[in-house]
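Here is the structure we will look at, set down as structure tokens.
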Amino acid sequence: MSPYWSYYEAAAPKEVKNGLKAKSRRGCIGETWWSKRWVGTLESFNLGARLTRGKSYARKGQVISIDVEPGRVLAKVQGTMSKPYDVSIALKPLSDANWDKVAQVMASKAVFAARLLSGDMPQNIEEAFSEAKVSLFPERNLDLKTDCSCPDWSNPCKHIAAVYYLLAEQFDGDPFLIFKLRGRTKDQIIEALRCLRSSGNEEGPDSRKDPAATVFAEEKNLEEFLDCFWQKHGIADQLEFDLNGPKVALSVLKRLGDSPIALGKDNLTSLLAKAYETASRSAQKRAQGEVDGSVKNSTSLDLVDDSQ
């Protein structure tokens, strides 16, 4: 290392027009658990003042651009020089074999599969990676390779720190960027889960522990029937009713977990559960009252036509 770079006076960075600015103006940066986990990795490096200056750079808008690619992040940060610095953050993508393991676990967990297929990131998605013995986030400093074209001898420097912080907020907006950084896009994950569902491979060892997962695996894909479902002689005419009730009560709500909507102190999911239970009891009473004794002894009913 040249002694020239060991002694230089700190100067204010050049102002950037339309730079990327952190939404957080004070305190912590990052709102969701996955962004906080990402920032936690940076803060574990014990960067001291460079961490503070990196956060200041992020809030001032000194980061010009950030591009997330499989396995790496490329960014440009404006410092004191006329030319922006090039920043790279590399994180080794997971192997295809490890992604296959993770996908199997995701598919076997009903709540994971339901949320991911609807385009949402489950709050406890890291459990799927842990069960597959794979880490979603870097576990050691050596897992990350960072580089900056600035003259600062420290690595990570304040420019890399600024990119880290802004990445956290980008993860807040699109948590699937974390998957992309690890080598899989959102569309690739969803496609893998759909393939596992259609082939029936989602019934892994976990399905024996999770009854809801078994029900999820047995459900038919109704997408091809959506256009004709309510038509006469459509799929509705083929429905049968099990008077004994489902194997797992409220399986859909259990797969989805708590709703982001709350009414007062009650979560919407708990209110829907009460409504579904009331509707089920009412439907069972009506069905039992409309059939004759011979059908009552059966486990299923044909759809009753109210017009008759």
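The values are calculated or read from the model by the stated rules, or taken from the named source; none is laboratory data. As the structure is a prediction and not an experimental result, all values here were calculated from the model. With ideal geometry, Cβ positions are generated from the backbone for all residues, glycine too; neighbour counts draw on all protein chains shown.
Somewhere in segment 281-302, is a residue modelled with pLDDT of 55 or more, under 30 Å from D120 (Cα atoms), assigned to a helix (DSSP H, G or I) and not hydroxyl-bearing (S, T, Y)?
Residues of segment 281-302 that are modelled with pLDDT of 55 or more, as a first pass: 281-290.
Still in the running and under 30 Å from D120 (Cα atoms): none.
Scanning segment 281-302, I find no residue that is modelled with pLDDT of 55 or more, under 30 Å from D120 (Cα atoms), assigned to a helix (DSSP H, G or I) and not hydroxyl-bearing (S, T, Y), so the answer is no.
So, in segment 100-149, exactly how many residues are of a type in the set (S, T, N, Q) and touching a Pro at 6+ places or on another chain (Cβ under 6 Å)?
1
Being out of contact with any His (no Cβ under 6 Å at 6 or more places or on another chain), farther than 23 Å from K254 by Cα and part of a helix (DSSP H, G or I) narrows it down to one of F112, F179, F137, so name that one.
F179
Go over the candidates S199, S149, S108 one by one and state the one that is small (G, A, S) and in contact with a strand residue (DSSP E or B) (Cβ under 9 Å, 6 or more places away or on another chain).
The conditions single out S149.
Please state which one of K21, K36 is surrounded by fewer than 18 Cβ atoms within 10 Å (Cβ to Cβ), at pLDDT 90 or above, in the same structural domain as P151 (by TED's automatic domain parsing) and under 26 Å from the mean Cα position of the chain (by Cα).
After ruling out the rest, the residue left standing is K21.
For segment 147-201, give me each residue that is on the phi > 0 side of the Ramachandran plot and surrounded by fewer than 16 Cβ atoms within 10 Å (Cβ to Cβ).
First, pick out the residues of segment 147-201 that are on the phi > 0 side of the Ramachandran plot: 183, 200.
Residue satisfying the conditions is G200 alone.
Here are L181, L166, L144: which of them is modelled with pLDDT under 90, in contact with a Leu (Cβ under 8 Å, 6 or more places away or on another chain) and not hydroxyl-bearing (S, T, Y)?
L144
Every residue in segment 40-58 that is at pLDDT below 75, over 25 Å from the mean Cα position of the chain (by Cα) and on the phi < 0 side of the Ramachandran plot, please.
F45, L47
Hey, among D67, D96, D86, which residue is free of Cβ contacts under 8 Å to residues at least 40 places away in the same chain, surrounded by fewer than 16 Cβ atoms within 10 Å (Cβ to Cβ) and touching a strand residue (DSSP E or B) at 6+ places or on another chain (Cβ under 8 Å)? I'd like the intermediate steps shown before the answer.
Numbers: D96 fails: touching a strand residue (DSSP E or B) at 6+ places or on another chain (Cβ under 8 Å); D86 fails: free of Cβ contacts under 8 Å to residues at least 40 places away in the same chain.
Answer to the check: D67.
In segment 103-143, what count of residues is obtained for those that are of a type in the set (G, A, S), surrounded by fewer than 23 Cβ atoms within 10 Å (Cβ to Cβ) and either in contact (Cβ under 8 Å) with a residue 40 or more places away in the chain or under 19 Å from S199 (Cβ atoms) (or both)?
Within segment 103-143, residues that are of a type in the set (G, A, S), surrounded by fewer than 23 Cβ atoms within 10 Å (Cβ to Cβ) and either in contact (Cβ under 8 Å) with a residue 40 or more places away in the chain or under 19 Å from S199 (Cβ atoms) (or both) number 3.
A75 versus (1) closer than 30 Å to S259 by Cβ; (2) part of a strand (DSSP E or B); (3) not β-branched (V, I, T): which is the lone unmet condition?
(1)
Please give the number of the condition W34 fails out of (1) under 17 Å from N141 (Cα atoms); (2) in contact with a Phe, Trp or Tyr (Cβ under 6 Å, 6 or more places away or on another chain).
Unmet for W34, out of (1) under 17 Å from N141 (Cα atoms); (2) in contact with a Phe, Trp or Tyr (Cβ under 6 Å, 6 or more places away or on another chain): (1).
Working only within segment 150-175, note down all residues that are of a type in the set (D, E), under 19 Å from the mean Cα position of the chain (by Cα) and not in a helix (DSSP H, G or I).
Listed by number, the list holds a single entry, D174.
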